[in-house]
Each structure stands twice: as structure tokens, then as C-alpha cells.
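K.L.:
Provided herewith is a single structure, encoded as C-alpha cells, for subsequent inquiry.
Just so it is clear, none of the values below were taken in a lab; they were calculated from the coordinates. Just so we're clear, the structure is a prediction, and the values are computed from it rather than from any experiment. Ideal geometry is used to build each Cβ from the backbone, glycine not excepted, and the neighbour counts take in all protein chains shown.
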Amino acid sequence: MTNKLSLVGCKKPYHANYKTILTENELDNLVKQMAKQKEIAVDTETTSASPTRAGLVGISLSFKEGEAYYIPVAHKYLGAPKQPDFKSVLERLKPVLQSPKIKKVGQNIKYDYIVLKRAGLEIKDMNFDTMIASYLLNPIRGEHGLKYLALKHLGYKMLSFQELVGDKRTIAEIEIEKVTGYSCDDADFTLRLKNKFSPLLEKEGLNKIFYELEIPLISVLADMEINGVKVNKKELDYLAEELSENTETLSRQIYGLAGETFNLNSPRQLSDILFEKLKLQSGRKSKTGYYSTSSFVLEGLKDKHPIIANIIEYRNLAKLKDGFVVPLIRAINPKTGRIHTSFHQIGTTTGRLASSGPNLQNIPIRTEKAKEIRKVFTAEKGNFILSADYSQIELRIMAHFSQDKILIRAFNEGKDIHTETAKYLFNIPENKITSHERRKAKAVNFGIIYGISPYGLAQSIGSDEETAKNIIDTYFSTHVQVKQFIDKILADAKGKGFVKTLFGRKREVKNINSDNKTLRLQAEREAINTPIQGTAAEVIKLAMLKIHRKLKEENLKTKMLLQIHDELLFEVPKSEIEQVEKIAKGCMENAVNLSIPLKVAVNIGENWLEAH
DNA sequence: CCTCTTGTG
DNA sequence: AGATGCACAAGAGGC
């Protein structure tokens, strides 16, 4: 069945030959041809956007531009033809898709890898991901979808998923002929984009970071997503119940004090109550004409009216309940009883990972109730949670980049970096430094990495701007090489229009020469922060590759579960704890060789709270 | 779909 | 005069 590309929505049809594989014979011939190829583009069609839940509906393959094949396995609609048997298709494809000698190409191939691995087929020799290539070529957010890339780089308007599926529930209900065109387009244009991007990566000096970091990371992240993390559902249910009772009590009290009921979750309505009705001292109006009710504002009004403390408490508890507890309960996969997040390699402008569905990189920790939530992240019977986190990785990277004498000496001597900074800022001996001064120094250390202003520092240490400015000046006059490092980054960025990480990841800084001061200053802060944050992200990614490889080599049952920017979380059988502790610490501390040592702290416990 | 708010590193 | 610390995800409200 040949489909001469008569697709709806195609402005500039390529003369493609797409074929539906319906018989054993056709499948045989296809596999024979595939076995001769050096590289094959793969795409799967499924029942869900979430790969850890999705069921396979069909697979498309392409190894020559303009030619592609669609193997339907689970289309279900009135009059659907008999399709090749799902299991036997997988068995027939295994020799080629699992061959370490045939390169696999995909668009967001982690998705397909997960779907196929769950079905029992593990893609080998994943070699190219067009989404990641596009991201490395220009790490901006939200412009790396296949449909967008095909239009931008090849001038081809693909059919959108929405246009294909319409009001049907899943792709399984769509006619095989239509899906053949759609899915073959996906595989075909993935291959075309690969051919376009491959030389560009080379030209931009991105080959190393692409082939040696991001591509091998795909299967590591896929395994983490498949693993998922065990949570204690009973405890979550209990927390939800408890938080509901507490928020209801608080809201009743708040309405009593306000003299009327209103929607407490609406900042606008709350603003009217506090600043119009109760006439409390307001701050500036926001863009939309209402006064801010942020925690910063509320904290300042705490003593002015008894309603304030209640609102603060309500906000805290409501956030935990509606922002974490309830969504976590909903996210539990009924089949595995675990929570499977997605990690995104193209989620950030700096090279960090992002997590969603649910986001497991922002689980609360700071308050007592928050700790209760951390506690529900637990391990299977006989296993423990092991957490390994880098100490001060960003400041260490800044020390390496800047070669600052004070920072390098402090890290080489294993000093507490914030205390050390306080020594220089306030010109007092180490044994005289109070927690108060250390706290200020800590704010300065973080501020430097972010490209701070006197106003910003004043806000975070609660001083006036003049004091903050003096502190910043002192920092730069003592940490001479840090100042030089920042000046060099800015000069570089202004000259070239981009900044680079240690491993050569590039980020364009668009407004670095803008006449608009606000935009320019923001670009300058991005230029300072990106090499530091981005390099830290690369260091932990490298460590993850090493750990993943080692766990496999040593045949360990330990599972890598989460990455939270400077922390890795594992689920470890009791018998493997000592070994894994060594592996994690060793791989993380030796991921790269810098002018300063990297330090990793390992903690073990029954749950994430105990292990952190 | 944007704004506000708040959770993390 | 007015803005002024990096990187995110997500829920709620409201248009």
C-alpha cells in the first residue's frame, strides 16, 4: 500500500514514498533491508504523551529521505484491517533496533526508547536526536518540536497531532492510511533534519557535548523515568486529609476577621480585603492595578492585624496540599505504584535538566510540614534511599574559572566557604564570625553567581542599599580574580554575542549590547550565571553517565531515581549500600578534573528526608 | 493565555 | 524615573 504523500495540510509536498506494512512478507522484506543500513530513523505512535504509561500503536522507520514505512500493531476502529502481531513485530525488529552496529536517529528518542523498552525492546546505538541537536545549536525554550523544525529548516508544513487526531481519543482510532502518512512523515523528516543538523553541530564545535554527553545521557534518564520513585500513598492520603482540615479552619477564621467570605486563593480579592476594606498599608500597585499580597508584603504586615498570620499560614498549607500532596497522589502510576517524572534535556537555557509530570525537582524541604512530604518518598522493602550531593559546586566552578586565589585556597584547605568569605567582607578573624555574618556572606556568595545588584543584596540581607553596595565593593576588592573573571565574561559576551560553558555549550545573550539598560543588565546577569550554572549541570551529567555505566558493569540492582541539579537519589538494596556509596561519591567527585576538589556528601535513610 | 504566587537548586 | 539576583514547574484566578 503506497501513499504518494497526499497529506492534508502539506503546503509543499515532498515526493515521498510511504508504505504501510500489513503482512508477514512485507515485514520480512523490510527487516532484510533494514539489516543492511548504517542508520535508521525511528518513531513510535502510542496512546499517551506520557511514555511510562503509553501503549504502542505503531512504529515508523526511515533510512532514506523521502521513503518510510509504518507498521501498525494496535489500531482499533470499525473496519480496521488485521495488523501484524505486536509481539512478533517486536521480535522481528529486535535484531536491527537492538543492533549496536546500526545507528538510531529520533526526535525526542528518549520517548520511543522508553515505550519500546517497556515493551521489551531496548534500542541500541542511539546516535542522534534532532530535538537535542536543535537545542544545542540554539538553547532557547520551546522551539524544538518536530513540526516547528521541519517548517523552519526545510520549509515543510507537517500535519499537527491535533489535526490528525481531531476529536478522537487516541491515535489508535485513526485510519491506518492517515497515520501512515503522519508517522512516516515523522520518521522521514527526522532523518532529513539529522542530515541538516549533523554538519552544523560539527561546525559549531558541539560534537563532543552532543555525542559524548547528551546522547549517552538519553538512556540514563530513560531508565530513571522507567524506575520511578516509590511513595507512601497512605501517608500522602493522611497528609491531604490533615491539610484540608487545617486550611478549612484557617479560612473560617480569616473570613471571620475579614467580616465576609471571599476567595482566599484570589490575590485580587485578597488585595481588596487587606488594602481597601481593612486599610492596611500597601506596597506599590502591580501592572494589573492590584496591590501585591506576596509573602514578602504579608511578613511586613504581621504585627498590624491578626488576619495576616492566618493568611500566611493558610497560604503555606494550601500550597503544600494543592501544589504537592494532591498532585503527587494523582501522579502515582496504578500499575507500578510509583511516581514516574519526565526529565527534559532541552528544558532550560543553561543546560540544566528540568522535570515535569510531576516536577520532582521542587519537592519542599524547608518547613516542618514540608519535611513530612519528603518523608513519603521511600524505598522498596529491603532497600534504602541514598542521596549524594555536591557541596558548593557552583562556587567551586567559579573558583576554577576565575582562578581566584582566596577561593582556590579555601576549597583546597576544605574551609567553610561562607565563613571564609565573611572573614574578608568584615575583616574579622575566623573565630569571631557570628552566624549573622556568615549568613550575609552566604547571600553575597550566591549573589555573585547571579550577577547581583546592591538593591538585590540589600533585599536578601535586609540592609539598606548603601551597606549592600559597600559589601559588594569589598568583595570585589578582595576577590580580585573573581572581578576579572566577570569582566572577561562580559567583554567576551559583548564581543561575540554568546557565552560558553566548560564543555563548549553556547548560549546566545541577545540583549548584551542593548540600549535598554534593564534589558542589557539582565543579559549581563545571564552571561555571568550561564557558564557557572551550565558547567555545574554538565559535571553532574557526566557523573550520571559514569555511575550508570558502573552500576551496569557491576551488575548491581541499585536504581538511579532522581537528579535535583546538584543531588542524585538512588534506591539501593541493603547489601549494595557500601559499594554504591563508593561508586556515587567516586564518580561524582572525579567527573572532571578542576583546579579545586569537588566534594560530595552521601546520606542514607529509609526515605528522602532521612537521606538528605 | 497571562498574571500572581511559591516550591526547589 | 524606575528598575534592579540565575534557572525552572505548577496551581489558581480571571479575562
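K.L.:
Compute the separation of the alpha-carbon centres of the range A:28-79 and the range A:84-103 and state it in Å as a whole number.
P.N.:
11
K.L.:
Taking the highest mean first, how do the peptides A:213-226, A:133-146, A:300-313 order by number of other beta carbon atoms within 10 angstrom per residue?
P.N.:
Per-residue mean Cβ counts within 10 Å order the peptides as A:213-226, A:133-146, A:300-313.
K.L.:
Given +1 on the Cβ of Lys and Arg, -1 on the Cβ of Asp and Glu, and no further charges, what dipole in debye does chain A carry about its Cα centre, rounded to the nearest 20?
P.N.:
Numbers: 92 positive and 75 negative charges, 186 e Å.
Here the size comes out at about 900 debye.
K.L.:
In straight Cα distance, which lysines are under 19 Å from A:Lys152, not counting same-chain residues fewer than 8 positions off?
P.N.:
A:Lys11, A:Lys12, A:Lys194, A:Lys196
K.L.:
Residue-wise, which Karplus ³J(HN,Hα) couplings in Hz belong to the range A:602-608, taking 6.51 cos²θ - 1.76 cosθ + 1.60, θ = phi - 60°, and x for glycine or proline?
P.N.:
Each residue of the range A:602-608 in turn: 10, 9, 10, x, 6, 8, 5 Hz.
K.L.:
How far is the Cα center of the range A:462-513 from the Cα center of the range A:106-172, in Å?
P.N.:
Using only Cα atoms to place each centre, the spacing works out to 37 Å.
K.L.:
Using the alpha-carbon centroid of each, what span in Å lies between the range A:330-345 and the range A:180-194?
P.N.:
29
K.L.:
Output the pairs from A:Lys208/A:Lys494; A:Lys104/A:Lys178; A:Lys208/A:Lys541 with a Cα-Cα distance over 19 Å in this structure; if there are none, say none.
P.N.:
A:Lys208/A:Lys494; A:Lys104/A:Lys178
K.L.:
Residues with beta-carbon under 10 Å from that of A:Ile308, excluding A:Ile308: net charge, scoring Lys, Arg +1 and Asp, Glu -1?
P.N.:
Numbers: positive: A:Lys302, A:Lys304; negative: A:Glu299, A:Asp303, A:Glu313.
Neighbourhood net charge equals -1.
K.L.:
Now for a different question. Kindly provide the Kirkwood hydrodynamic radius of chain A in Å, to one decimal, from all pairs of distinct alpha carbon atoms.
P.N.:
Working: mean 1/r = 0.0364 Å⁻¹.
Mean inverse Cα-Cα distance, inverted, gives 27.4 Å.
K.L.:
Order of A:536-543, A:314-321 by packing, highest average Cβ count within 10 Å first?
P.N.:
Ranking, from highest mean packing down: A:536-543, A:314-321.
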